[in-house]
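One structure below.
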Amino acid sequence: MRVSTGLRILLSVCWVISVLVITCKLAFAYDQKALINLAKSTIRAEVENKKPPKAQQHYPARPVFVTISTANRILGCRGSLESRTDSLESEVILAARSAARHDPRYPPINAADIAKIEVTITVIDALITINSVDALRPEDGLVLRSGSKIGVVLPWEGKDPKTRLKWAYKKAGVDFGSPCTLQLMKAERFKG
């Protein structure tokens, strides 16, 4: 069977693109277990009023949220929609410290909580402007911006898009139906 030159070129280009995509994914893959351990060490240091661990800078900075829970009960969750430091590890440390003792919605974590905590890290890949939440899936997060106020619903927080929209309005502290900009959050979420 004879393949045309155009088809050969197209197949070659597709192969190169697939190699680049795989290479990029591998280049930005990170050690999830190490990041969870870093977050837990940071939380422990924060509760014990010690210096946080030093960040071993292996990965480029990405926006991160750290959620601390025990027995399916949230103890703290903090993070940012933009990178604030020079590495992913530093972002995890910053978010973990804040979630441990500085989330105004929850009491600070104490030493008794440390042994029972589970940490979830959400690493944001992209924020995509949307006009409606109708196509929002549970694995997507939602960001609502109204003026200077922001409401964030992380991936897997609820399933129903309309309910998640109500939560985003509530988290932003604005009346439901107020003018806003919506963004779909693509992120990787892992826990340990």
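Among the residues of segment 66-91, those identified as closer than 18 Å to residue 106 by Cα and either basic (Lys, Arg) or surrounded by fewer than 16 Cβ atoms within 10 Å (Cβ to Cβ) (or both) are 70, 71, 72, 73, 74, 78.
What number of residues within segment 154-192 satisfy the criterion of being in contact with a helix residue (DSSP H, G or I) (Cβ under 6 Å, 6 or more places away or on another chain) and closer than 24 Å to residue 66 by Cβ? Residues flagged as in contact with a helix residue (DSSP H, G or I) (Cβ under 6 Å, 6 or more places away or on another chain) and closer than 24 Å to residue 66 by Cβ within segment 154-192 amount to 3.
Tell me which residues, restricted to segment 152-182, are part of a strand (DSSP E or B) and over 14 Å from the mean Cα position of the chain (by Cα).
181, 182, listed by residue number.
Checked against the criteria, residue 62 counts as in contact with a Leu (Cβ under 6 Å, 6 or more places away or on another chain) and closer than 21 Å to residue 155 by Cα. Residue pairs whose Cβ atoms lie under 8 Å apart, sitting 6 or more positions apart in sequence or on different chains, and linking a residue in segment 181-192 that is β-branched (Val, Ile, Thr) to a partner that is buried (at least 17 other Cβ atoms within 10 Å of the Cβ), are 181/144; 181/145; 181/146. Of the residues that sit in segment 31-58 and are of a type in the set (S, T, N, Q) and on the phi < 0 side of the Ramachandran plot, which one is modelled with the lowest pLDDT? Applying the filter and picking the extreme gives 57.
When you go through 122, 85 one by one, which is the residue that is within 16 Å of the chain's Cα centre (by Cα), among the hydroxyl-bearing types (Ser, Thr, Tyr) and at pLDDT 95 or above? Exactly one of 122, 85 is within 16 Å of the chain's Cα centre (by Cα), among the hydroxyl-bearing types (Ser, Thr, Tyr) and at pLDDT 95 or above, namely 122.
Give the residues of segment 63-110 that are touching a residue at least 60 places away in the same chain (Cβ under 8 Å), touching a Ser or Thr at 6+ places or on another chain (Cβ under 6 Å), hydrophobic (A, V, I, L, M, F, W, C) and not in a strand (DSSP E or B), sorted by residue number. Within segment 63-110, no residue meets the criteria. Any idea which of (1) part of a loop (DSSP other than H, G, I, E, B); (2) without any contact (Cβ under 8 Å) to a residue 24 or more places away in the chain; (3) buried (at least 20 other Cβ atoms within 10 Å of the Cβ) is the one residue 136 doesn't satisfy? Result: residue 136 fails condition (2) only. Scanning segment 116-132 for residues that are among the β-branched types (Val, Ile, Thr) and buried (at least 16 other Cβ atoms within 10 Å of the Cβ) turns up 117, 119, 120, 121, 122, 123, 124, 130. When each of 55, 39, 34 is tested for being surrounded by fewer than 18 Cβ atoms within 10 Å (Cβ to Cβ), among the hydrophobic types (A, V, I, L, M, F, W, C) and over 14 Å from residue 102 (Cβ atoms), the lone residue that passes is 34. Selection of segment 99-115 for residues being of a type in the set (Gly, Ala, Ser) and surrounded by 11 or more Cβ atoms within 10 Å (Cβ to Cβ) yields 99, 100. Out of all the residues in segment 84-101, which are over 15 Å from residue 30 (Cα atoms) and aliphatic (A, V, I, L, M)? 93, 94, 95, 96, 99, 100 - these are the residues of segment 84-101 that are over 15 Å from residue 30 (Cα atoms) and aliphatic (A, V, I, L, M).
The values are calculated or read from the model by the stated rules, or taken from the named source; none is laboratory data. What you are looking at is a predicted structure, and each value in this text was computed from that prediction instead of being measured. Backbone-built Cβ (ideal geometry, glycine too); neighbour counts: all protein chains shown.
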